[in-house]
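Heads up, the thing below is written out as structure tokens.
The values are calculated or read from the model by the stated rules, or taken from the named source; none is laboratory data. Here the structure is a predicted model, which is why all the values come from computation and not from measurement. No Cβ is skipped: glycine too gets one built from the backbone with ideal geometry, and neighbour counts run over all protein chains shown.
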Amino acid sequence: MIQNTVKSLLLIGVMVGSMHKVHTMDKIHFEKVTIAHEKCIFDWLEKPHVQEFWDNSQKHRDDIINFVNSRKEICEGLFDYWVGSIEGNSFCLVMTSEILSTSNVPDVWKTHLSKTGKTLSLDFMIGNENYLGKGLAAPTLEEFTLFIKDKIDKSVDTFFIDPNENNPRAKHVYAKAGFKVVTEFIRNGDRFSLMVKAPGPITIAAID
């Protein structure tokens, strides 16, 4: 009797957790960053939890300003910016950039480019502190990759993301969102993991 009760409670817990996840993902809305989001994003860039791992340079800010004011297409070395919101409240920023065989990226990246479609690199942050610690990061990234493939460009089938080795929490979140570590590389003296989300088997290199 007790065992049946415990099993029932565990089943209810799993069902409630799954329902909560689906409900949360259904509420997430993505759109390209506009002038209306500019102040909000620049406020996020001042947050200590963002500055720890996010580019806060003037060059980055200038690229955001350029994007919201005039740039319409992805160009080499530049990004598209997307804001995620829940019930009208902006909470996260995603940067995307198409990676080509001619892109100025580490050679190990080019080894993992899609052979059947396009490859996008992602950078992701939750800027709104009210949405930290709520288990939103992984489902948001999952939903964003679906959003890109279903609503923006059906030819995109591979996504890269590259957490710093000093950010194991991000690596854990990205793994929950379906990304796999395929190799590591050095950039500006720091070690990063290249994580890939793609259809089919993923080749994983030996990591020293």
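With respect to the stated conditions, residue 64 fails to be aliphatic (A, V, I, L, M), at pLDDT below 95, in contact with a strand residue (DSSP E or B) (Cβ under 7 Å, 6 or more places away or on another chain) and in a loop (DSSP other than H, G, I, E, B).
Residue-wise test of (1) part of a helix (DSSP H, G or I); (2) over 16 Å from residue 30 (Cα atoms); (3) modelled with pLDDT of 95 or more; (4) of a type outside the set (Lys, Arg).
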residue	(1), (2), (3), (4)
102	no, yes, no, yes
108	yes, yes, no, yes
115	no, yes, no, no
138	yes, no, yes, yes
143	yes, no, yes, yes
148	yes, no, yes, yes
178	no, yes, yes, yes
200	no, yes, no, yes
205	no, yes, no, yes
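Within region 15-39, being at pLDDT below 90, among the hydrophobic types (A, V, I, L, M, F, W, C) and under 21 Å from residue 86 (Cβ atoms) holds for 16, 19, 22, 25.
In region 78-92, the residues that are at positive phi form Cβ pairs under 8 Å with partners that are surrounded by fewer than 17 Cβ atoms within 10 Å (Cβ to Cβ), at six or more places apart or across chains, as follows: 87/27. Whether any residue in region 40-54 is closer than 16 Å to residue 94 by Cβ, modelled with pLDDT of 95 or more and among the charged types (D, E, K, R) is what I want to check. Scanning region 40-54, I find no residue that is closer than 16 Å to residue 94 by Cβ, modelled with pLDDT of 95 or more and among the charged types (D, E, K, R), so the answer is no. Every listed requirement among (1) in contact with a helix residue (DSSP H, G or I) (Cβ under 7 Å, 6 or more places away or on another chain); (2) assigned to a loop (DSSP other than H, G, I, E, B); (3) of a type outside the set (Lys, Arg) is met by residue 93 save one, (2).
Taking residue 155, is it of a type in the set (S, T, N, Q) and under 29 Å from residue 45 (Cβ atoms)? So residue 155 does not fit the description; no.
Could you tell me whether residue 123 is of a type outside the set (S, T, N, Q), surrounded by fewer than 17 Cβ atoms within 10 Å (Cβ to Cβ) and not in a loop (DSSP other than H, G, I, E, B)? Judged against the criteria, residue 123 is not a match.
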